[in-house]
Amino acid sequence: QIRNPVVSPDGRQLAFTAFDRLWVRALPDGAPRRVSQADVGEYHPQFSPDGRWITYVTWHDTDGGHIMKAPAAGGAPVQLTRTPALYYNPAWNPAGTRVVATRGAARELREASGIFFGPLGGQFVWVPADGGDATLIAPTGTRDVAHFRRDQPDRIYAHSPAEGLVSF
């Protein structure tokens, strides 16, 4: 099962999750290659605006997970966050200097029963693209999937089933 497929800005690569691991392949017919050799779940890939990096989140059921980035051309991944948590749906800001994601307590995923849609007490956070402490932006409420518009680099957009498209 291929999940979270995303095409690079230049249309030459596809990043996706399969078998709970992150893969990249050249388009249209390249062979898939693993992004890392880590023995953790790897999810929600996103290419940087310049296409040089792929950010993604990891999950390990005993330790939580982190926001990572790896060179799109291949190379060692870099851990961006310092504190493990349940991170998901990362998004690069248009300048490529920050990664915004949703963060929740790792125990919420471990204790979830049935279908998991994300923590109700989640937070939007950002972390520098070179790594560092995560900075709180706002509680998520019912909002999720942060994203940006290139012409409004200081506004974050998210979807809420109750509010529709929200910007902040």
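The values are calculated or read from the model by the stated rules, or taken from the named source; none is laboratory data. Predicted model, so just to flag it, every value in this text is computed and none were measured. For neighbour counting, all protein chains shown are included, and Cβ atoms are generated from backbone atoms with ideal geometry for every residue, glycine included. We work out accessible area using only protein heavy atoms, side chains counted, and drop any ligands, DNA or RNA first. Shrake-Rupley method; radii C 1.70, N 1.55, O 1.52, S 1.80 Å.
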Q: Hey, can you tell me all the residues within region 140-154 that are more than 19 Å from Tyr88 (Cα to Cα), in a strand (DSSP E or B) and either of a type outside the set (Asp, Glu) or touching a helix residue (DSSP H, G or I) at 6+ places or on another chain (Cβ under 7 Å) (or both)?
A: Arg149, Gln152, Pro153
Q: Hey, can you tell me all the residues within region 118-134 that are open to solvent by less than 90 Å² (accessible area, probe 1.4 Å) and farther than 17 Å from Val57 by Cβ?
A: Gly121
Q. Restricting attention to region 40-77, and to residues there that are aliphatic (A, V, I, L, M) and surrounded by 15 or more Cβ atoms within 10 Å (Cβ to Cβ), which single residue is farthest from Arg12 (Cα to Cα)?
A. Val40
Q) Limited to region 129-139, what total is found for residues that are within 13 Å of Ala101 (Cα to Cα) and assigned to a strand (DSSP E or B)? A) 5
Q | Selection within region 9-63 - of a type in the set (Asp, Glu) and in contact with an Asp or Glu (Cβ under 8 Å, 6 or more places away or on another chain) | A | Asp20, Glu42
Q) Is there any pair with a first residue in region 29-46 that is in contact (Cβ under 8 Å) with a residue 40 or more places away in the chain and a second that is charged (D, E, K, R) whose Cβ atoms are under 9 Å apart and which are 6 or more apart or on different chains, and what are they? A) Arg33/Arg25; Val35/Arg21; Val35/Glu42; Ser36/Arg21; Ser36/Glu42; Tyr43/Arg3; Tyr43/Asp20; His44/Arg3
(Q) Between a residue in region 1-16 that is free of Cβ contacts under 8 Å to residues at least 12 places away in the same chain and any residue that is part of a strand (DSSP E or B), which pairs come within a Cβ distance under 8 Å, given they are 6 or more apart or on different chains? (A) Pro5/Leu14; Pro5/Ala15; Pro5/Phe16
Q | Counted residues, region 78-87 - those being buried (at least 22 other Cβ atoms within 10 Å of the Cβ) and not polar (S, T, N, Q) | A | 4
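Rundown of residues vs (1) part of a strand (DSSP E or B); (2) out of contact with any Gly (no Cβ under 6 Å at 6 or more places or on another chain); (3) over 19 Å from Phe148 (Cβ atoms), yes/no style:
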site: Ile54; (1), (2), (3): yes, yes, no
site: Thr58; (1), (2), (3): yes, no, yes
site: Ala70; (1), (2), (3): yes, yes, yes
site: Ala76; (1), (2), (3): no, yes, yes
site: Val100; (1), (2), (3): yes, yes, no
Q: Take region 150-165 and flag every residue that is open to solvent by 90 Å² or more (accessible area, probe 1.4 Å) and within 17 Å of the chain's Cα centre (by Cα).
A: His159
